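J.: Quick one: this structure, given as structure tokens, is what I'll be asking you about.
Laboratory data are not the source of any read-out in this text; all were calculated from the coordinates shown. What you are looking at is a predicted structure, and each value in this text was computed from that prediction instead of being measured. For neighbour counting, all protein chains shown are included, and Cβ atoms are generated from backbone atoms with ideal geometry for every residue, glycine included.
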Amino acid sequence: MTDLLAAAYPWIKTGHILSFVAWMAGMFYLPRLFVYHAERAEKGSELDETFQVMETKLLKLIMGPAMISTWVFGLLLISTGVVDWSQPWPWIKAVAVLAMTGMHGWLSKRRREFAAGTNSRTGRQYRIANEVPTLLLLVIVVAVVVRPF
């Protein structure tokens, strides 16, 4: 099995990177949709319904599958034995990926609030939340590429 994973390593790594890029695109866009939804759409309006369709499709058709495939490919990469867990960088990346997954869950809960008509957050709060994936992306990429620790 390890030989198979080693032979497939470039494809697994490619899948991991492509999945992560798709996941991050959604992580950047969904909070931005929430900003406009909170600021411009009256509950029950046609615009509210339009935002809900956009948010639901983004979350369920792009972000969810991308997050799952990012995790699957990442765990497969770990299974190849290329990660040296005695170094700090994989631990830093792991914590940041867990935080990104938590942020994904938080965004999913906010979408359900919009769908129920119970959103209580402002556009400004969603603008601030929109920065979290950017900061986590920075930590993940620097941990993996630069490995400063």
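J.: List the residue ranges in the chain for DSSP H helices whose C-alpha atoms run 15 angstrom or more along the long axis and whose Kyte-Doolittle average is 0.0 or above.
T.: 9-40, 64-79, 89-116, 131-141
J.: So, in nm, how far is label Phe149 from label Trp106 when the simple model puts each one 7 Å beyond its Cα toward the Cβ?
T.: The answer from the label model is 2.0 nm.
J.: If you look at just the Cα atoms of region 2-146, how large are its Rg and its Dmax in Å?
T.: Values for region 2-146 (Cα only, Rg and Dmax): 17.4, 57 Å.
J.: Let me ask you something else. Tell me the relative contact order for region 66-149 as a rounded percent, counting alpha carbon contacts under 8 Å between residues six or more apart.
T.: The normalised contact order for region 66-149 reaches 45 percent.
J.: Run the helix sum for the chain: -39,500 (n - 2.57) per DSSP H stretch of 4+ residues, divided by residue count, reported at 222 nm to the nearest 500 deg cm²/dmol.
T.: Only helices count here, giving -25000 deg cm²/dmol.
J.: So which residue, out of Ala38, Ala99, Ala116, gets the largest mean-square fluctuation from a GNM of the chain using Cα contacts under 10 Å as springs?
T.: Ala116
J.: Hey, how many Å between the Cα centroid of region 81-113 and the Cα centroid of region 63-79?
T.: Comparing the Cα centres of region 81-113 and region 63-79, I get a distance of 11 Å.
J.: Please go through the residue pairs Lys57/Lys109; Lys57/Lys93; Lys13/Lys60 and name each one whose alpha carbons sit more than 18 Å apart in this structure.
T.: Violating the 18 Å Cα-Cα cut-off are Lys57/Lys93; Lys13/Lys60.
J.: Right, another one. Please give every one of the aspartates and glutamates within straight-line cross-link reach of Lys43, meaning a C-alpha to C-alpha distance under 16 Å, and leave out same-chain neighbours fewer than 8 residues apart.
T.: Straight-distance partners of Lys43: Glu55, Glu113.
J.: May I pose another question? Which FRET efficiency value, to the nearest 0.05, is calculated for Asp84 and Thr134 with the Förster distance at 35 angstrom and r the Cβ-Cβ distance?
T.: 0.80
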